[in-house]
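First comes the structure, then the notes that go with it.
Nothing in this text is a laboratory measurement; each read-out follows from the coordinates by a stated rule. Please read all numbers here as calculations on a predicted model, not as lab measurements. In this analysis, Cβ positions are derived from the backbone assuming ideal geometry, glycine residues included, and neighbour counts consider all displayed protein chains.
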Amino acid sequence: MNLASIDIGTNTVLLLIAEVDGKGTITPIVYEQRVPRLGKGVDASRNLNAEAMQRVVDVLQEYRSLIERHNVERTIVFGTSAVRDASNKQEFAELIHSTTGLELEILTGNDEALWTFRGAISGIPNLTKATVIDIGGGSTEITVGDEREIFSSVSLNVGSVRLTERFFKHDPPTPMELENAIAFTEDEIAKAARFDFKGSTLVGVAGTATSLAVLAQGLKSFSIGAVTNYSVGKETVSHLFRTLQVMASHEILSLSSVMEGRSDVITAGALIAREIMEHFGFESMVVSERGVRYGIVIREWEKERQ
C-alpha cells in the first residue's frame, strides 16, 4: 500500500510518500522539505500568526498535488510542538481543512517520541538498543528502547527555534546569551538523567542531525545517501558548535544550501546535540533521515494489518 505522511513542525513541513510491503518494509517514493517556519514567535505569544499559517497552507496545497500523482490510499497530516503550544490550533486546523480538505492531527509529545523512535530504527539494521533524539524547532524528544518496546521517553521544551528566539538577541550570539542557552538546555535535559542509556546506540533524526552530518562532511548540498546512517563523533559535534557560535547567519548560509531556512537556528541545534552527547556519555551519533513521518506510516500500516 502507498501512504502519505506530512509532518508540520515548528520550522519545516515535510512530506513522505512511501510504499509499504506485506512485511512492513518502507520504500520512500517522494521525499520533500519546505521551511515555512510556522512556529516563528510561538514561544513568546503562544499563537500561530496568520502569515505563517498561510505559508503552511501553500505548502500543503503543493504537496496535495504531488500526492495526487501517486496511488495513495491514505494521507495523514500531523502537527508537533508549535501546533501543540498554540492557543489558536483549532483555527489552524479549520483553515487547513477549508483550503485543502486535509484533516490535521495534533500529536502529543509522547506520541511524537514513540513514532519518531519507531520511524528512526526502521532504517538501521542490526540495532538492539537505541536512544533516539529528535531535535526539532520547538521541542526535543529523547526515547530509549528496542525493536519490541520503549523503555523511557520524554519530550523537552527545548528546540532550535525556541532556544534561538528566547536567548539569541544578537547574530552571532554573545557569550552571555550562549551561557544562558546552555544553562536552560542543561536544566531541560536533566529530565532524562535517570534514563538507562547503557548499551544503546545514539540515533539523531530531523533537521539538526542531518544538517550536522552535511556540515561534518563539507557537503554543499543535501544528499540522502551521504547522511543516511552517517556516524558523527562527539568531538566533531563540539567542533561544529564552536565554529558556528562565532558565525553570523549569513556566513553559515554560505556553508551549504542545506542551511537555507536553518542558518539562524543551527547553532542552537548543535548546542542541544552537544549537551546531550556530553551529559549522557555518547561518543558518536548515527544520523537517520527517518523520523516521525516514517513512524506514522508504520502506525497506519499496523492499523491496516489489524
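Taking the highest mean first, how do the peptides 39-47, 12-20, 281-289 order by number of other beta carbon atoms within 10 angstrom per residue?
Per-residue Cβ counts within 10 Å, averaged per peptide and sorted highest first, yield 12-20, 281-289, 39-47.
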## Note on the structure
Applying the gyration tensor rule to the Cα atoms of the stretch 1-69 (axes a ≥ b ≥ c; rounded if a/c under 1.5, else prolate if a/b exceeds b/c, else oblate), the class is prolate
### Query
Ranked highest first by average number of other Cβ atoms within 10 Å, how do 154-165, 205-216 line up?
205-216, 154-165
#### Entry: Reachable lysines, given that their alpha-carbon falls under 21 Å from the alpha-carbon of Lys40 and they are not under 8 places away in the same chain
Lys89, Lys169
### Task
For the chain, just the Cα atoms, rotate onto the principal axes and tell me the three extents in Å, largest first.
51, 45, 36
#### Entry: Listed residues Asn49, Gly109, Gly39: farthest to the positive end of the dipole of the chain (Cβ charges)
Gly109
### Query
What list of ³J(HN,Hα) couplings, whole Hz, do you get for the stretch 72-77 from phi and the Karplus terms 6.51, -1.76, 1.60, once you set θ to phi - 60° and write x for glycine and proline?
8, 7, 8, 10, 10, 10
### Query
Can you give me the Cα centroid spacing of the stretch 234-306 and the stretch 130-161 in angstrom?
12
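What is the stretch 124-288 by shape, rounded, prolate or oblate, if you read a ≥ b ≥ c off the alpha carbon gyration tensor as root eigenvalues and call it rounded for a/c under 1.5, prolate for a/b larger than b/c, and oblate otherwise?
oblate
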### Query
Which of rounded, prolate, oblate describes the stretch 201-250, given a ≥ b ≥ c as roots of the alpha-carbon gyration tensor eigenvalues and a/c under 1.5 marking rounded, otherwise prolate only if a/b is larger than b/c?
oblate
## Note on the structure
Once Lys and Arg are counted +1 and Asp and Glu -1 for all other residues with Cβ under 10 Å from that of Ala209, the total becomes -2
### Message
Sort 190-198, 142-150 by packing, meaning the average of other beta carbons within 10 Å per residue, with the highest value first.
### Response
142-150, 190-198
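Counting only helical runs of four or more DSSP H residues, what would the 222 nm mean residue ellipticity of the chain come to if each run contributes -39,500 (n - 2.57) and the total is spread over all its residues?
The helix contribution divided over the chain gives -13000 deg cm²/dmol.
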